[in-house]
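Chemist: Could you have a look at this structure, given as structure tokens, before my questions?
Every read-out reported here was derived from the displayed coordinates using simple, explicitly stated rules and does not represent laboratory data. These figures come from a predicted structure and were not determined experimentally. As a convention, Cβ positions derive from the backbone with ideal geometry for all residues, glycine included, and neighbour counts pool all protein chains shown.
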Amino acid sequence: MRSAFFISMWLAAASPALAQTCEGGAKGKAGEVFVAAAPSGEVATWILERVEGEGMESDHFARPGLMLDFRFARGALSGPDKVVVSITRFSDPDVGRAPELSAVWIEAQLDGRSLGWLGSDQAKGERALAQALSAAWPNRLVIELHAGASAAGRKLAAAEFDLSVRGAAEVLAREALAGRACQSG
């Protein structure tokens, strides 16, 4: 009886470590897509390519990046459930220290609609952007960074993303799923 108790305790502790992790990825003109198993089903992460020749950088900020997490079932992406706007900020001794993110306004422009947030509220802003994208999928998305507490401030960086290629991202997700490999944890 005592050994059964210890075995059940060991199994409970070891189960997460013995669980399999299954993931795959594919890359194409739409960007890069990774598919992984999750308790709620398949999850696809789409890292979008920036539109070349569009956007800008400054002394302290690179063009923003964009990553979207979707539910993936029956070969289709639904959502996104999560959005990550990646911001690269750097200081240059010749031009001084970069502004703090709390002093940067992030604006997302979605086919004529726009929403914005302070860098200090990035999680809240990204949730709002995920909801806006889920409600009405645009063909294009522009992310701009501005100095100050509104879009009226000096533009620091910008990037444009072509969201009309969502169908191509679904094809990449199917390829990623087909090529997925599993590993024991």
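Chemist: Would you work out the relative contact order for the chain, in percent, from Cα pairs under 8 angstrom that are 6 or more residues apart?
Modeler: Taking the mean separation of contacting Cα pairs over the length of the chain, I get 28 percent.
Chemist: Still on this structure, I have one more. To the nearest 0.05, what FRET efficiency results for Ala149 and Asp81 with a Förster distance of 45 Å applied to their C-beta separation?
Modeler: On the way: r = 28 Å, r/R0 = 0.63.
FRET efficiency, Ala149 to Asp81: 0.95.
Chemist: Over what distance in Å are the Cα centres of the stretch 103-143 and the stretch 67-88 separated?
Modeler: Between the Cα centres of the stretch 103-143 and the stretch 67-88 lies a distance of 14 Å.
Chemist: Would you mind checking the stretch 67-95 for residues with the amide N under 14 Å from a putative spin-label position 7 Å along Cα→C-beta of Trp137?
Modeler: 68-81
Chemist: Also, quick follow-up: Within the chain, what is the longest stretch that has no GluC sites (Glu not before Pro) placed in a DSSP loop and near at most 15 other beta-carbon atoms within 10 Å?
Modeler: 101-185
Chemist: With unit charges on the beta carbon (Lys/Arg positive, Asp/Glu negative), name the residue among Ala159, Ala149, Leu129 whose Cα is farthest towards the positive pole of the charge dipole of the stretch 91-160.
Modeler: Projecting each Cα onto the dipole axis, the largest value belongs to Leu129.
Chemist: Between the DSSP loop rule and a limit of at most 11 other Cβ atoms within 10 Å, which chymotrypsin sites (Phe, Trp or Tyr not before Pro) in the stretch 34-140 are left?
Modeler: Details: sites: Phe34, Trp46, Phe61, Phe70, Phe72, Phe90, Trp105, Trp117; in loops: Phe90.
Here the sparse-neighbourhood loop sites are Phe90.
Chemist: Given springs between every Cα pair under 10 Å in a Gaussian network model of the chain, which of Pro39, Pro64, Pro99 has the largest fluctuation?
Modeler: Top of the fluctuation ranking is Pro39.
Chemist: Between the helical axis of 166-178 and the dominant principal axis of the chain, each derived from Cα atoms, what acute angle in degrees is found, rounded to the nearest 10?
Modeler: Once rounded, one gets 30 degrees.
Chemist: By a straight-distance test (C-alpha under 30 Å), which lysines pair with Lys155 as possible cross-link partners, with residues fewer than eight away in the same chain excluded?
Modeler: Lys29, Lys82, Lys124
Chemist: Now a separate question. Which net charge results for the neighbourhood of Ser78, defined as the other residues with beta-carbon distances under 13 angstrom from its beta-carbon, given Lys and Arg at +1 and Asp and Glu at -1? Kindly include the intermediate steps, with their values, before the conclusion.
Modeler: Working: positive: Arg71, Arg74, Lys82, Arg166; negative: Glu42, Asp69, Asp81, Glu170.
Net local charge, Ser78 excluded: 0.
Chemist: If I fit a long axis through the Cα atoms of helix 2-18 and take the longest principal axis of the Cα atoms of the chain, what angle between them do I get, 0 to 90°, rounded to 10?
Modeler: It is inclined by approximately 30 degrees.
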